[in-house]
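The values are calculated or read from the model by the stated rules, or taken from the named source; none is laboratory data. Small disclaimer: the values here were computed from a predicted structure and weren't measured. Glycine gets a Cβ as well: all are built from the backbone with ideal geometry, and neighbour counts include every protein chain shown.
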Amino acid sequence: VHAFFRVLAIAKAMIAAVGAPQRSRALRSFGKTRMDADFLDFAFHDDHAAIATALAAAVGREPQALRLIGSKSRTDELCVALTRRGHQIERLVWSYADPIPASGIGAGILCEVPKTFDDWSKCAALTANGSIEPIWRLVLPWSLLREMLSIYEYNAATLSDLIEVYRGRSKTHVGHRENARLQRVEEFLPLAGKTIIEFGPSDGNQTADLLALGAAHVLAVEGRPENVVKLLVVKWLMGWRNLDVVLDNFQSPGSWARRRYDFVYAQGVYYHCQNPLLFLDMLTRLGDSIFIGGWTATDEKPRSPWISLEHDGRGYRGKVYTESYHFLSGLAEQSYMLDRSEIERFLTERGFLIKYCDVSTAENGLSTEFTHLLAMRDSSSAGA
Ligand SMILES: C[S@@+](CC[C@H](N)C(=O)[O-])C[C@H]1O[C@@H](n2cnc3c(N)ncnc32)[C@H](O)[C@@H]1O
């Protein structure tokens, strides 16, 4: 009997030893290794800087006086983040281990997160009259972006840059993006109140600017599922009711092409087509104002030889190149890039005037030049 209990004890110890790593794996898979984490820590992968960024986003850009209630360790980083953005912070040090004072704890943002039976009772008592806002109600929506950043690559690398981008019209350079191109468009076509079709929005960094400029409606056509997920998340988060997203390969006109738009926005996409001339032709049928931004072929790059691409009985100079696999790339292995002047010729042949054509040079891109142009239908032309 004694030997039996010894074997049983050894077996129990072995099961416990095997079980322990399983438990810690389960915690890690929940984004955690810390046993004392609360549900807000879980939501933000224990990233307290991200919680502070989210709180700053939730309270808005206008500097204001805020009162934070919580332990020193819970509120220190929040205070720094909010003060840095110009908010005035008053702090009351209180945690669930403390009794609720008879006079209450006043109004403010409750930064402590309840975990136990007693914590939740105290939390219910404190928040009953509505003058105290629990922190998670303010910051949890933004945890979605933190979650997405842990899974997918975006144009912006950090949560605060991503929030900055999604608020629209962010400063010229945030992460790998810039928004000066829309300021240029607005010199010719104010976008407020306009219907827009946007091709290949990727994570929606330009969509944010189109909406912030007052677009009446944006229809975004994107062919990569991971990007559509990003767009749906930000649509929900930012409450962009006037954005619709279509998951489609934009080289073949879907039902979205059965109507016309005030502005056709094709930034960073024509050169991801396997037949860019078919794509450009489609753009000319979708509206009278077309923006095209993209790499244009030069003698130096891509390194393949010039070839003639045929469309509608005419030839246009272009080059083939090999795509990489990335959230910003094309949907096939090879795509074509055109000579800049050939894009202009293609559009003028179809009754458009080139309002501007800005060219910037680059050393490390797919080509040595990147072109932005705005074409508007020539209302005096015979085909108008
Ligand atoms: C270079 S990124 C441009 C992103 C964005 N417009 C910008 O300028 O920041 C190209 C985008 O087009 C999408 N795309 C490429 N080829 C596509 C196709 N044939 N149909 C639909 N989307 C496509 C990619 O998934 C990616 O989001």
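Taking the conditions exactly as written (more than 16 Å from the ligand (Cβ to nearest atom) and not charged (D, E, K, R)), does residue 337 satisfy them or not? Taking the combined requirement at face value, the residue does not satisfy it. Here is a check on your reading of the model: is residue 365 on the phi > 0 side of the Ramachandran plot and within 16 Å of the ligand (Cβ to nearest atom)? Here the answer is no, as residue 365 does not meet what is asked.
Collect the residues in region 294-305 that are surrounded by 11 or more Cβ atoms within 10 Å (Cβ to Cβ) and not basic (Lys, Arg), keeping them in residue-number order. Walk me through how you get there before you give the answer.
Restricting attention to region 294-305, the residues satisfying the condition of being surrounded by 11 or more Cβ atoms within 10 Å (Cβ to Cβ) are 294-298, 301-302, 304.
Once the filter is applied, which keeps residues that are surrounded by 11 or more Cβ atoms within 10 Å (Cβ to Cβ) and not basic (Lys, Arg), region 294-305 yields 294, 295, 296, 297, 298, 302, 304.
Taking region 189-214 as the range and being in contact (Cβ under 8 Å) with a residue 40 or more places away in the chain, more than 9 Å from the ligand (Cβ to nearest atom), within 15 Å of residue 291 (Cα to Cα) and not in a helix (DSSP H, G or I) as the test, the residues that pass are 189, 191, 194, 195, 196, 197. Of the candidates 31, 19, 60, the single residue that is surrounded by 10 or more Cβ atoms within 10 Å (Cβ to Cβ), at pLDDT below 95 and either among the hydrophobic types (A, V, I, L, M, F, W, C) or closer than 23 Å to residue 127 by Cα (or both) is 60. When you check residue 150 against the structure, is it more than 16 Å from the ligand (Cβ to nearest atom) and among the polar types (S, T, N, Q), yes or no? Here the answer is yes, as residue 150 does meet what is asked. Against the criterion of being crowded, with 21+ Cβ neighbours inside 10 Å and polar (S, T, N, Q), residue 348 does not qualify.
Of the strands (runs of 3 or more DSSP E) lying entirely inside region 218-334, those containing at least 1 residues that are farther than 25 Å from residue 190 by Cβ, within 15 Å of the ligand (Cβ to nearest atom) and touching a Lys or Arg at 6+ places or on another chain (Cβ under 9 Å) are 243-247, 289-296, 314-322.
Every test in (1) touching a residue at least 40 places away in the same chain (Cβ under 8 Å); (2) within 10 Å of residue 199 (Cβ to Cβ) is passed by residue 221 save one, and that test is (1). Cβ-Cβ contacts under 8 Å between residues 6 or more apart (or on different chains), taken from a first residue in region 331-351 that is in contact (Cβ under 8 Å) with a residue 12 or more places away in the chain to a second residue that is surrounded by fewer than 21 Cβ atoms within 10 Å (Cβ to Cβ) and of a type in the set (Gly, Ala, Ser), are listed as 331/223; 350/383; 351/381; 351/382; 351/383; 351/384. Elements of the type strands (runs of 3 or more DSSP E) sitting completely within region 73-175 and holding at least 2 residues that are at negative phi and surrounded by fewer than 13 Cβ atoms within 10 Å (Cβ to Cβ): these cover 88-92. Does residue 195 satisfy the condition of being modelled with pLDDT of 95 or more, of a type outside the set (Lys, Arg), touching a Phe, Trp or Tyr at 6+ places or on another chain (Cβ under 9 Å) and surrounded by fewer than 19 Cβ atoms within 10 Å (Cβ to Cβ)? Yes.
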